[in-house]
Each structure stands twice: as structure tokens, then as C-alpha cells.
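Scroll down for the structure; my scribbles are underneath it.
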Amino acid sequence: MINEETNLPLFRKYEHNPILTPAQWPYPAASVFNPGAVKHNGEVLLLVRVEDNRGFSHLTLAKSKDGKTNWEISPSPTFQSSPRYHEERWGIEDPRIVWLEEKNAYAITYVSFSIGGPLVSLALTKDFVNFRRMGPLVPPEDKDASLFPRMIKNRFLLIHRPIIRGEAHIWLSFSPDLVHWGEHQILMPARQGWWDQDKVGLGPPPIETPEGWLLIYHGVRRTASGNLYRVGMALLDLEEPWKVVRRTPGWVLAPSKVYEQIGFVPGVVFPTGAVLEEDGELKLYYGAADNYVALATANINELLEYLKKHGG
Ligand code: BMA
């Protein structure tokens, strides 16, 4: 199916976007964006980043039966920073959620903002009521992280995006116990000269398919009017996900709608959550203009076909 707006197949923006806005919030919120997403007890559950007007963020649950309408938003913050944890001094941002088989719990990787810079932290939960903090995983500056939903060759795998020498590539690290991390390596670099030349970072957690792990990522290009955030895709080898098998040359989702162009940060689409339905519909949840939550859908088989055909 060709998308009329981009002349590309694949993602269609939901006609009633944005699906969540600060005006809907049950308590004062300046911005609601960049949500983690899972299917839990038959409902789509978003853990939404909420920024208050001091500029600090926390996470709040929103639930919907069809993942599109009738969102039920928690009346108070679900997971917020505590003075007991130095790394959360300036708030909690941009969660990614996986069901982690080996821990029999959801693993939430999020940005905890310490005075030393942004860190990737981990928390485990079974019910989104009680959270067990596992602490920061790697030193700052680091963001855009997710665990793989299961161990591979007896190790946990973390995708993340440290900034080193001012360069922002996607990295992979390994751990036997979720505490000690090593074998750090670049998984996918920013591509000089391309639309994703200045930064790349993971979107939602990697999605397991028979063809490999589908990776949806954001790519940044600095322009005369600021950073432009667009979205590309890659496929990682199923058994050895440190191998990138395919990568789309071009972007597949870009800001164009009013809610993506007018907000606190114009020109940003920033996916952080995905839900794969049984009929093959992939729901991609993204932050729009650092202000709203929006939804785009695609068929998983079409995405994989596209990667096979066009992925270099
Ligand atoms: C990134 C993160 C995201 C934000 C994006 C666009 O560095 O801080 O939270 O959505 O920039 O402003």
C-alpha cells in the first residue's frame, strides 16, 4: 500500500492523531510524548513520558483496548524520580519496555537524568504498580536503550546510544547478569552525508520476526532550522544480532503533519514503543514535536519485504 503523503509504502499515520495531548491529562502537564508500549492483559498499555513545567519528566500509564481510542490515563504519576536515587535528580525519560522471559517481568530501560548527564537505567515490574530499580547500567552520556526480550547465547543484550567524541552511533553491549556489561561495540553507525548523518538512536525495542530482528530507529540531520528527526529501519540476524543484515537507505517516516511541526521541538517524530498484533498490524507509537503522542501503523510483512527489496 502506497502512502500518499510520502509516496512510500509502509507506515500510515492514524487519522485521529495525536492520540494523547497535555490537554487531556488528568493533572497539569506541559508535554506528553515518547511512550513505551506493551500489550498487557489484552490491552495496549503506554508508559508515557510527561514533562512538567519545571522541565522534569516522569512516566504515567495510559491504557486502551484497541490501542487507538478511549485512553484511560492514570490520575497521578506511575513511575517518578525519587531523591533516594542520585541518577534521577532531573527526572526520568523515554522508556522502552520488553517482557523479559528470564526474569518473568517487564524490563523498562529509561533515561535517568543525573547531574553528570543522561544515563540508561533499568527497572523491572510485573504489574506496572511496583517497580524494582536495578540502577544505571553504563556511564553517561547515554540514551535510547532497550534490552532484547530474551538472552542470546547466555547473555543479555543491550542496545544503547552513548555519545563519544561527539559522535552518536547505536551500540550493543553484553551482560551475564544485567549488572556487569562488556564487549561494547558499534552496532549501527550514523551515516556521513545521509539523512541520518548526525545521530542515530534506537526507536522501540527490537521486534523478533522469522526473518530477523526488526530495528526501527531515528536518524537526525542538523538543518538551518534545527534538528530534523526521521525514522529508518534495519534487520539484524536472528541468531547473531550483532550483524546488521539490511538497512533502509532512506527514511520511512518523517514529520509533515501540523502536530509534528508545531510543538516544543518542531520537526520531530520519535518512536519509542511498538505493539505487533496477531493479524500482522504493527502499531508504532511516537512522540510528535516533543509535545504529543501519535500512532502510525504498518503491516509487518510489508516492512520485511521492503527491507529485503530495498535494504542495502
Ligand atoms: C533526544 C531525546 C528525546 C527527544 C529528542 C528530540 O535527544 O532527548 O527525548 O524527543 O531528542 O528533541
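The values are calculated or read from the model by the stated rules, or taken from the named source; none is laboratory data. None of these values were measured; they are calculated from a predicted model. As a convention, Cβ positions derive from the backbone with ideal geometry for all residues, glycine included, and neighbour counts pool all protein chains shown. With ligands, DNA and RNA removed, areas are computed over all heavy atoms of the protein, side chains included. Shrake-Rupley method; radii C 1.70, N 1.55, O 1.52, S 1.80 Å.
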Here's a check for you: in the stretch 170-201, which residue that is in contact (Cβ under 8 Å) with a residue 40 or more places away in the chain, assigned to a strand (DSSP E or B) and within 16 Å of the ligand (Cβ to nearest atom) is farthest from Val38 (Cα to Cα)? Ile170
Having 1 or more residues that are of a type in the set (A, V, I, L, M) and open to solvent by 30 Å² or more (accessible area, probe 1.4 Å) is the bar; report the strands (runs of 3 or more DSSP E) wholly within the stretch 225-312 that clear it. 226-236, 244-247, 269-276
Selection from the stretch 128-151 of residues more than 16 Å from the ligand (Cβ to nearest atom), open to solvent by 10 Å² or more (accessible area, probe 1.4 Å) and modelled with pLDDT of 95 or more yields Val129, Asn130, Phe131, Arg132, Arg133, Met134, Gly135, Pro136, Leu137, Pro149, Arg150, Met151
Looking at the stretch 152-169, which of the residues that are more than 20 Å from the chain's Cα centre (by Cα) and either surrounded by 15 or more Cβ atoms within 10 Å (Cβ to Cβ) or part of a strand (DSSP E or B) (or both) is modelled with the lowest pLDDT? Ile164
Please give the number of the condition Asn130 fails out of (1) assigned to a strand (DSSP E or B); (2) free of Cβ contacts under 8 Å to residues at least 12 places away in the same chain. (1)
Scope the stretch 245-272; condition more than 13 Å from the ligand (Cβ to nearest atom) and within 21 Å of Ala30 (Cβ to Cβ); matching residues: Lys257, Val258, Tyr259, Gln261, Ile262
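For (1) aliphatic (A, V, I, L, M); (2) farther than 18 Å from Ile207 by Cα, each residue gets a yes or a no:
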position: Thr109; (1), (2): no, no
position: Ile115; (1), (2): yes, yes
position: Ala123; (1), (2): yes, yes
position: Phe131; (1), (2): no, yes
Being within 16 Å of the ligand (Cβ to nearest atom) and out of contact with any strand residue (DSSP E or B) (no Cβ under 7 Å at 6 or more places or on another chain) narrows Gly36, Gly55, Gly42 down to just Gly55
Listed by first then second residue, the pairs whose first member lies in the stretch 9-33 and is farther than 20 Å from Ser57 by Cα, whose partner is assigned to a helix (DSSP H, G or I) and charged (D, E, K, R), with beta carbons under 9 Å and at least 6 positions apart or on separate chains, are Pro9/Glu302; Pro9/Glu305; Leu10/Glu302; Lys13/Glu260; Asn17/Glu260
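Conditions (1) of a type in the set (Ser, Thr, Tyr); (2) touching a His at 6+ places or on another chain (Cβ under 9 Å); (3) open to solvent by 60 Å² or more (accessible area, probe 1.4 Å); (4) modelled with pLDDT under 95, marked per residue:
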site	(1), (2), (3), (4)
Val48	no, no, no, no
Phe56	no, no, yes, no
Leu59	no, no, no, no
Asp66	no, no, yes, no
Trp71	no, no, no, no
Gln80	no, yes, yes, no
Thr109	yes, yes, no, no
Filtering the stretch 202-218 down to residues that are more than 16 Å from the ligand (Cβ to nearest atom) and assigned to a strand (DSSP E or B), which residue is farthest from Leu157 (Cα to Cα)? Thr209
Out of the residues in the stretch 219-235 that are of a type outside the set (Val, Ile, Thr) and closer than 20 Å to Lys283 by Cα, which is nearest to the ligand (Cβ to nearest atom)? Tyr229
Within the stretch 98-113, is even one residue within 16 Å of the ligand (Cβ to nearest atom) and of a type in the set (Asp, Glu)? no
